[in-house]
1. Take the Cα pairs of region 736-783, get the Kirkwood Rh, then feed it into Stokes-Einstein at 4 °C and 1.567 mPa s and tell me D in µm²/s.
2. Quickly rank 481-488, 1028-1035 as a protection proxy: mean count of other C-beta atoms within 10 Å, highest first.
3. Could you sort 610-622, 399-411 so that the peptide with the highest average Cβ count within 10 Å comes first and the rest follow in order?
4. Under 5 Å between amide hydrogens, which residues at least 5 positions from Val964 or on another chain qualify, with H placed 1.01 Å from N in the peptide plane?
5. Which value results when the Cα radius of gyration for region 892-936 is divided by 2.2 N^0.38 Å?
6. When all alpha-carbon pairs of region 950-1043 are counted, what percent fall beyond 16 Å?
7. Using only Cα atoms, what Kirkwood radius does region 842-946 have, in angstroms?
8. Students often check this: by mean Cβ neighbours within 10 Å, which of 640-647, 904-911 ranks highest, and how do the rest follow?
Amino acid sequence: MADLHHTAPGRRRRWLRGVAATAVLAMLGADLGGGAASSAPETSGRTILVGSGTIPFPSGTGSGTALSADGRYLAYSSGTAGQPSRIQLADLQTGTQQTISPAGEAASAPSVSGDGALVTYQVDDGATPTSGIEMWRRSGDGTLQQVTGSARDLQYERVVPCLGAGPDASDPCGPRLSGDGNTLVYPVRQTARSPYLRLSTDAVQTSSAAPGPRTVTAAASQLAADPVLDFGSAYTTGTVVTLPLHVTVLGSGQPGVGSLRIPANIQPSTPMPAGAGFGFANDDGTPTDTSDACRPVAVGATCTLWVSYTADIREHPCAARYATLTLRGSTPAGQSALTLVARNAAGGCRAVESQCAPADPARPDTVSASVGTDNAGTTLVDLGARPAGGTYVTSYTIHNTLGEPALVDVQGSDCSLTQLGGATGPDTRCGSGAVPPGGDCALVVAYRPRRDTFPPSVLRATLSTAAGWGDGPTTTTLVVGSASQYGVVARRDPGGHGDFAAAKSTVVSTDDGGAAIDGREPAVSADGRYVAFRSHRATTTATEPTDLVYLRDTRTGHTALVSRLPATGSAGGSVAQSAHAPTLSADGSRVAFEARRTGQDTGQIYLRDQTNGRTVLVSAAVRSGVGADGPSSRPALSADGTTVAWQSTATDLVTVPVPVEGGPQVYARNLGTAHTSQTGTELISTSPAGHGQDPAISADGGVVGFRSADTVHSSVASARQPATFLARLRYPSPSTSPTDIAFDPQPAGTTSLPRTVRVRNAGPGPLHASIGVTGPFRILDSDCGSTVHANESCSLDIVFEPTTSGDLNGQLTVSALVFAAPIGGSTSVTLSGTGAPASAGLRAVPDSLKLGSQQLGVASDRVALALTNTGTVPLAVTAAFLPGRGPAQFGVTTGSCRGSLAPGAGCHLFVRVTPRQLGRLSGELAVSGSAGQADTAQLVPVSATTRTPVLALNPTVVRPHDVVTLSGRYFPPGTRVRIGGVRRSAVDVDTDRSGTFAVPVVLLGDEPTGTSRPRALVAGVGAVTGPALLVQAATSQPNRFDTRR
């Protein structure tokens, strides 16, 4: 039985082979349709129980599953009661699995390379908001690699955590591996507020170079110093204030957090007089230029930096003093920054005129701020870390408790924080006039964090009486904000060894100009060239910043907005109101994402094809074709770009009943390739799974992994959410057309014309076929060697090759495979034909060849001999001249008579002659045809004549010592001719390219008188006789006197 398992001979061998058809997509240039899909089975396949455990965090964020390209390896995050989640890797083909992440780590969000050899995941610390990326290699017992937390990270790089509450908790998180395993992308947040370090202060030491130092004491011990270290106010020239900054290393041994060396420096933000300002001090209070107090500090240990401020009011007496203290650890864990602030004392001070442009935010975000007190007892309004590029407005009410009218003076460390004036509501904005005793004003502040700096910015608002601060009571409020930048970074390992720790982080969430923009939820193409991500930013069509999906081409530097919805009149489709959770095909040409239209309450799943600029609604209701009646989220796109899996609580995606209780279900839909239209939606998380979420999908869409809170399968009793991890094998449904083929009678030993069989997959899963044929039949050509998706077809060309006569039978069988093993579904075609006796015949036209007259040694033009196969079997044609004298001078070439000559077909031989002798030439050409079981032959006479050479003399009557010119024509070209009969000795001459010669010969005087017949002798050919030559005796008469008149 011949086997055609995953092979594609002939003209269709360019099709991809195997389950993991990821490198080249069959759907390139496909035309995506929209609306309701064609019918296909909604449930067909088998669900495999992979494992069970618990999900120790709300809603399972980061607990997604991941599949290798061929669907064999499934990675998932699962814990047990009282223990953190660990990464499990299951081999669905062998039914085995192993735990790959170390114990004690909270590991989640796995991602798998295409071949399943690399698994990356995120490690989170439940005690502190710290995260890291690890990599596991399936070599030997497996090797672990810490990827992040090294000097190769970006400054202030913080991996976006998967655990905990806050704005990031509901986002898909974690690293993503490219299919080839050479590129790793993951979301980060750059901020100077380090989750790995706790900064605090407790007491104040003072000394003075002038009499009358003042002692300032902190309100309490271990007050937080992040993000501001406040040195207080009302200092006079010469006062030196020293504060301890305690640096405690957190992280519980997370990646990059170990024994840290944390050097520090101070950079003034405002002008300082010589000898004044901020600096470091030794533990005895004496000033020093630098501080290296934080030598290697272990996790849980604390080091102390002494920071001093020397007051001087001689220059800018009314200005607040600001500086930035930066902790410059070699890894982001040891990198942090905070602002140092102090205020001098001077009578009658008012605010220093601001050098910042008035704030007039066009599209601000109104945000809340935390309110407390800093280490000096000053009211601290903390905006927190805000994404760079936006404008954030907050308001704080200042109450006048000074007993008399007071003014508010404002000064900032830079122009990122500015006050907004004017009136708002019942309260007057601070700065628009005096605040009466007992009255309030609204301090409205706009914060524009910059992308190029992360240390905190501070705005100091001082409420003082009409005399100004320094001459009366005051109250102070500090408003502080620091920049953060969400982004997607990439690390590349061109060697393909999974060594990403040595690779430098590079920001890939950038605009066309290369500037970093907000980026989260990355997805990466198989070769790492394309990176899709969600970004919160304004567009030309959106009036407010919104979440949209972008696609970055790292090779060309182009960033495209791809979250466009199906066109409703505009060529490119409208921009979604919001979009996120992108997922990419292997070549980056298709992007699936979750999005909402303007005015739409529920998210839907869409697929964008960048090759034709079209978008299709994936989560379409089965009957209406419009968006489903419930939220759809978490799309997963197959690498070949044909199939999308997602989770949804909708009830109208399929016609079968869907349980309403228990959470979402997982669905899959084939969107077609360049050859077919889309199909219907299939319910993946069928009973007894209960429900499903967090789907992952193989390269061809044949396997969908997901998790479920199904208590039927769960074997773990825990207060935590039980989780079951399953894999759905989506079975195909092959059929053939026609179901039987009867070939015409065919002579034995010959091959028939091909007959075509169409193999169709009714779905829903992709078809990988094992194709076999029995009997005297052969598959001549096929395009069934690659994936055949639902509603697609492929073709087979079958030929009949009988070796004997009589009735013959066979069968073509097409079997569906999953993991290279048959799944039971097969279809067949009955084959039959009759072998006929073979007969051979060959006809030659003309029946004889006459090549005419030809010069010696010169090849003639070719003359064609036409042959026709008059028999019933293919012939192998041969031709040769029979032995003899003449045939040696004839030659034959096969011309078009190469290979096998089919019955009824014709070809041409070519014959030519090159004469080597004089006279008439003849021979017999034997033409034969062989068919193994039958042979035929025919003799074709061939004739030609040789043109006789001509020898001439001038003159023909001579006397001794005369000159005779010898000439010749039609001799062999380039041949030596010996001429005798002119002188006593022979004369040798050479012919030219045309076979002619002309040479003068001087008679020596010893020639005999009388008449002679000169002869020209050609070696191997013979002699040619020339005209008579008369040699006269020498006399006193003039030469040839006797011939004169």
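1. Roughly 98 µm²/s, to the nearest whole number.
2. 481-488, 1028-1035
3. Averaged packing, sorted descending, gives the order 610-622, 399-411.
4. Long-range HN contacts for Val964: Val1001, Val1002, Leu1003.
5. Against the compact-globule rule of thumb, the ratio is 1.55.
6. 52
7. The Cα-based Kirkwood calculation yields 14.0 Å.
8. For the peptides 640-647, 904-911, the packing ranking is 640-647, 904-911.
Throughout, read-outs are computed from the coordinates displayed, never taken from laboratory work. Predicted, not measured: the structure shown is a model, and the values here were computed from it. Cβ coordinates were reconstructed from backbone atoms using ideal geometry, including for glycine residues, and neighbour counts include every protein chain displayed.
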